[in-house]
Structure formats: C-alpha cells, structure tokens
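> Starting off with a structure, shown below.
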Amino acid sequence: MTIARGEIYGFLGRNGAGKTTTLRLILGLLHPTAGQVELFGEPVTPAKRPPFERIGSIIEFPGFYPNLTAAENLDLHRRLMGLSRRDAIEETLDKVGLLHARNRQVKTLSLGMKQRLGIGRALLHHPELLILDEPTNGLDPVGIKEVRQLILDLAQRSKITVLISSHILTEIELLATKVGFIHRGRLLEEVAYDDLLRKNRSYVELRVSDDKRASLLLEQRMDLQDYLIPEQGVLRLYERLTEASAVNRLLIEHGVDVQELRVVRETLEDYFVRLTGGDLDVPIVAE
Amino acid sequence: MYQLLRSELLKLKRSRYLWLLALGPALPVIISMTIFFDSAELIASTPVESLVRQNQIVMNVVVGQVVMALLTGFVVTREHRDQTINMLYTYPFRRSDVYVGKLLLILLFCISFFLLSFLSVLVNVLIYYGDMVTLAFVRKHFIIYLLMALMHYSLVPLVYTICLFGKRMGTSLLIGGALLIVTGLFITEQQQAIYPWTVPLATTIFLVGNDPHLPVHIESAWPGVVSLATVFTIPLLFNFVFLEKMDVHSGS
C-alpha cells in the first residue's frame, strides 16, 4: 500500500477482507507476523513506534470516556498529544460543528455526534495523516453525508493525507483520489480514482470494419476526442453517449461497417467484482 | 508521566468509583459509631486499641480487597469496554508508560483510601475516647494504615494481569468475591503468614500486637513481606513485557 502526501486513499474491501487489520498494523496496535510497515518513509518496528504525533485516527468506533464531556475528552487528548494550546479544543469543536455540545457528557451524544467528535479528536493535534476506519458506520444517511462533507472540507482546507477504509462503494467514490482494493487479506490493486473512473465510465462500444477510419471520422466530423481503441476493430467512445445513433449513421454513410453498437455502463461494483473474481459470498454494499 | 497520571485522574471525573473512595473507609466507622452511640457501657468495656483493630480487620479482610480489585478492574477494563484502548495505545507514549500511569493512579487511590480510613477511625476514636488518644497512638496507627495501603497495593499487579486477560469488569468482581471466599474459608493458620490475601491482616495484627482472642497470629512479618514482594514483582514485570507485545484486536 503506497499513499502519497495529500491523497485521499480509499481502502475498499468486503467485511472481513482485512481493512481494519491493516490499519491496526499501520498504527502499531497489531504486530506484523511478516513484512514491514513504513510510515513517513521510516520503518515501524517494535523498537521504533509510529510517529503518533503526526497521525490522527479512528479505528472501528471512536471510543470516548462516557462520563467526561466532549470538551474534556478532547482536553484529555490534547494533554496526551502534548499540545499546549487550550483554545485548540474550541476550534476543533467548532470545526466539527459540536461547539454547542462542548459541555455535554459523551454518553448523551448521538452516534453521529460521536463520529464527528472522533474526527475532531483525530484532527486536534493537526496530523499529517488521518486514518479513518469506516467513519460512517452506524450513521443515518444525513449523518453519512455530514461526515463525508466534513472529511472533504478538511482534506481540501488542511491538505492532509487521508486513509479511509470502507466497504461502502459510494463512500469511496465520493471521497477518494486513489483506491486500494483488498480481498481476503491481499491488496489486489491500487489505482488513482481518475484512472478508475476511466476504467469504470459508461461508454459506447462499437465493433467496426475499420477502426482507424472510424476514429478519424469521429474526430473530424463529430469533434470526438475522448475515445479508446482497446483492440483492433473496437472503439470505445466516452463522450456524447446519447448520440450513438448519429455516430452509427455517420460511420455507415462513410462506408465503415458497424457490426455491433452498445452502451456499456461499468460501475465500481462491477469493477470490484471483476477484480475479486466474481466472488460474491459476502456482498459489498453499493448505496 | 505527569500528563499520563493527570489524564488517569481526569478519567475518574464523575465516576461512581469515586464514591468507593469516600464510602469504603466511612462505612465501617459509621457502623461502629452506630453501635457505640449512646452506649456508655460498651464504650467503657471496649479498649481503644480494640476499636481500631476492628476497623483494621474489616478494612483488611473485606473493604480493602474488594475495593482495590474493583478499582483495578475498572481502570483496566474500562479502556476495553469504552473502546478507548485503540486511542490509548496510539499516543506518543510507550504502553509501559501507560501502565505505570495507571499503577500510579491506583497507588494514589490506595493510599488515599487507607488514610481516609485512618482519619475516619481517628474521628471515631476522638469522639468516644478523646482523652486517651496520644500523639504516639496517632503516629503508630498512621504508619500501620500506610503499611496496610502498601500491602494491599502489592496485590494490584496480579489483579491487573488477570483483568488484562479477562477484559471485563465481571472478571474483577469475580476475583474480589473469590478472594473473600478463599480467605475466609480455606486459609489455615499456617498459611496466613504467606498467603498474599491474608498477609495484610496477619501483618497488621502482628504490628499492633497479637491478640490471643483472634484466630490470626504470626510470629514474624518477614515471610509475608517476601510473599507480597514476590506477588508484586512477578506480575509487575510480566505486565511490562506482555503489554509491549500484546496485539490489540477488534473488539478487544
């Protein structure tokens, strides 16, 4: 797994695929039986622990001391992270929209509020890397949207690197700039989200007698630029999908036989299923 | 380390376990005061040493053991129950530092607990035997209560170990109950000197002065000291090693 600075890395896999275990390994909560974790270019060993001051995390569920207030929980974190600024607590509560709940005991907060407080806590010490394990677990749709927006805002404003794990495809689709697919404990593929979009985009697929002539015609007459020739005689058009009949007419009028024309819509789910060999014993969630 | 201790203290804020600190030492004294209330005859027939000894027996046999097991269990297992363990071990401290922080909290609690017990009993004694209380008496029992605290504290690392494996508050409750039963029913006179959970009582009685009316008497405190030192040191060291190597799994 390679994550570059400033990326939002979506770590996608089914329940039980090994996402949380991987994140626990990164954070030193588990000790690897083989291999090595490298953080910020430095290896993490039992003797050399991760630089926790540079990392903010939520693993599984943001645990809090229920008898303490939201502000007290953050204050505890502030002290243990060695931050001297007390006003960082107010700032963080404001950032995650919980300033009004600062004096409420955590046991009285809703699940969504706890998740937001967890993200706030993970950000309090201004980490360079934010590790979020299924941060929208257990949230209602409104809560999911709130948390997602919060992560996006923070990533854009603070320019921090985010590693977010999920089994929910849309969550990754809406957040990630790079996606890693894990299945049965193995990282199958890492791909930039733009490339993934390209791989997963809807397209019109044409099987033609002369792909070179067809592409020239489409470029010159229809100003089509976004297309691909994956194999001889096959054209994939990624733009102007609604004009498939016009494309067909143009090619036929200019002596290019169109043997097949179809609109293909590949989803991230399709891609994931294809990647994992169609193993659907545990369904992945596409919301 | 200071920040770790402060954070451990903060975690106890609004905790019902703080009531143990207040009620644990006060309850035996309140019961004793209720019995003595308005009974001049009873006061006259009960030597002051005997009143203090009764409190020491109750504190050693019942209250001290149960409260220390409960507190240790709470301090260890709440991190698993509230799932704060994931955060706790991702702070820039070694796990052994966190462990020491928790042990310091329990030590602070333990000493406060037994000194409060001493203060409560002193108030009781001053009410009923005011003119008989000397500075030497106060100094002697102050030291004995302090030693009681240390003796009970020496059992903490072992309870800590058990709770690390049990990870549930029920485990510490079970330990507290089992210790009481074993101590009360199965320990013979010969074993009192070395069985860790009777050593505090036997040593306290030995230090105050053996009483022939009591079924507990030892000839020397040293076997008990060795027993407690062993039961303190081995789990203490084990926990240091175990915590550094322990994997924190999901739901643990």
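> Against the definition (facing chain B (nearest Cβ under 7 Å), surrounded by 19 or more Cβ atoms within 10 Å (Cβ to Cβ) and not small (Gly, Ala, Ser)), how does A:Phe52 come out, yes or no?
For A:Phe52, the condition - facing chain B (nearest Cβ under 7 Å), surrounded by 19 or more Cβ atoms within 10 Å (Cβ to Cβ) and not small (Gly, Ala, Ser) - is met.
> On the basis of being charged (D, E, K, R), buried (at least 19 other Cβ atoms within 10 Å of the Cβ) and on the phi < 0 side of the Ramachandran plot, does A:Lys19 make the cut?
So A:Lys19 passes the test.
> Related question: Name the helices (runs of 4 or more DSSP H) wholly within segment A:188-287 that hold at least 2 residues that are modelled with pLDDT under 90 and within 30 Å of A:Asn137 (Cα to Cα)?
Fully inside segment A:188-287 and qualifying: A:193-200, A:268-275.
> Would segment A:133-155 turn up any residue that is surrounded by 19 or more Cβ atoms within 10 Å (Cβ to Cβ), in contact with a Gly (Cβ under 7 Å, 6 or more places away or on another chain) and modelled with pLDDT of 85 or more?
no
> Can you work out which of the residues in segment A:78-95 that are closer than 23 Å to B:Arg14 by Cβ and within 26 Å of the chain's Cα centre (by Cα) is surrounded by the most Cβ atoms within 10 Å (Cβ to Cβ)?
A:Thr92
> Could you please find all residues in segment A:65-88 being under 28 Å from A:Glu7 (Cα atoms) and either facing chain B (nearest Cβ under 8 Å) or of a type in the set (A, V, I, L, M, F, W, C) (or both)?
Once the filter is applied, which keeps residues that are under 28 Å from A:Glu7 (Cα atoms) and either facing chain B (nearest Cβ under 8 Å) or of a type in the set (A, V, I, L, M, F, W, C) (or both), segment A:65-88 yields A:Leu74, A:His77, A:Leu80, A:Met81, A:Gly82, A:Leu83, A:Ala88.
> Collect the residues in segment A:223-266 that are of a type in the set (Val, Ile, Thr) and surrounded by fewer than 10 Cβ atoms within 10 Å (Cβ to Cβ), keeping them in residue-number order.
Selection gives A:Thr242 alone.
> Mind checking which residues of segment B:81-133 are farther than 18 Å from B:Val29 by Cα and either at pLDDT below 85 or not in a helix (DSSP H, G or I) (or both)?
Once the filter is applied, which keeps residues that are farther than 18 Å from B:Val29 by Cα and either at pLDDT below 85 or not in a helix (DSSP H, G or I) (or both), segment B:81-133 yields B:Asp82, B:Gln83, B:Thr84, B:Tyr89, B:Thr90, B:Tyr91, B:Pro92, B:Phe93, B:Arg94, B:Asp131, B:Met132.
> State all residues of segment A:103-122 that are basic (Lys, Arg) and either within 10 Å of chain B (Cβ to nearest Cβ) or closer than 14 Å to B:Asp82 by Cα (or both); if no residue qualifies, say none.
Answer for segment A:103-122, where residues must be basic (Lys, Arg) and either within 10 Å of chain B (Cβ to nearest Cβ) or closer than 14 Å to B:Asp82 by Cα (or both): A:Lys107, A:Lys114, A:Arg121.
> I've got another one for you. Would you mind telling me which numbered condition in (1) among the hydrophobic types (A, V, I, L, M, F, W, C); (2) away from chain A (no Cβ under 14 Å); (3) buried (at least 23 other Cβ atoms within 10 Å of the Cβ) B:Leu70 fails?
Of (1) among the hydrophobic types (A, V, I, L, M, F, W, C); (2) away from chain A (no Cβ under 14 Å); (3) buried (at least 23 other Cβ atoms within 10 Å of the Cβ), only one is false for B:Leu70: (3).
> From the list A:Thr21, A:Thr2, pick out the single residue that is within 18 Å of the chain's Cα centre (by Cα), at the interface with chain B (Cβ under 10 Å from one of its Cβ atoms) and under 21 Å from A:Arg186 (Cβ atoms).
A:Thr21
> What are the residues in segment B:151-180 that are under 16 Å from B:Gly64 (Cβ atoms) and surrounded by fewer than 16 Cβ atoms within 10 Å (Cβ to Cβ), if any?
Within segment B:151-180, B:Leu173, B:Gly177, B:Ala178 qualify.
> Please go through (1) in a loop (DSSP other than H, G, I, E, B); (2) within 8 Å of chain B (Cβ to nearest Cβ); (3) surrounded by fewer than 22 Cβ atoms within 10 Å (Cβ to Cβ) for A:Leu29 and return the number of the only condition it doesn't satisfy.
For A:Leu29, the exception is condition (3).
> Continuing with this model, one more query. Which fully enclosed helices (runs of 4 or more DSSP H) of segment B:1-61 have 2 or more residues being surrounded by 16 or more Cβ atoms within 10 Å (Cβ to Cβ), within 21 Å of the chain's Cα centre (by Cα) and away from every other protein chain (no Cβ under 14 Å)? First the steps, then the outcome.
Working: elements: B:2-11, B:17-36, B:40-45, B:48-58.
Counting at least 2 such residues, we get B:17-36, B:48-58.
> For A:Arg5, which of the numbered conditions (1) within 16 Å of A:His125 (Cβ to Cβ); (2) at pLDDT below 85 fails to hold?
(1)
> Can you confirm whether segment B:110-125 contains a residue that is closer than 18 Å to A:Leu29 by Cβ and among the small types (Gly, Ala, Ser)?
no
> Quick one: A:Ile8 ticks every box in (1) within 12 Å of chain B (Cβ to nearest Cβ); (2) among the β-branched types (Val, Ile, Thr); (3) in contact (Cβ under 8 Å) with a residue 40 or more places away in the chain bar one, so which box is it?
The one condition A:Ile8 does not meet is (1).
> Taking segment A:213-222 only, how many residues are surrounded by 13 or more Cβ atoms within 10 Å (Cβ to Cβ) and either within 32 Å of the chain's Cα centre (by Cα) or of a type in the set (D, E, K, R) (or both)?
2
> Further question on the same structure: Return the residue satisfying two criteria in turn: it lies in segment B:220-252 and is farther than 28 Å from B:His80 by Cβ and not in a helix (DSSP H, G or I), and of such residues it is nearest to the other protein chains (Cβ to nearest Cβ).
Per the criteria, the residue is B:Ala221.
The values are calculated or read from the model by the stated rules, or taken from the named source; none is laboratory data. Please read all numbers here as calculations on a predicted model, not as lab measurements. Note that we place each Cβ from the backbone using ideal geometry, even for glycine, and neighbour counts take in every protein chain shown.
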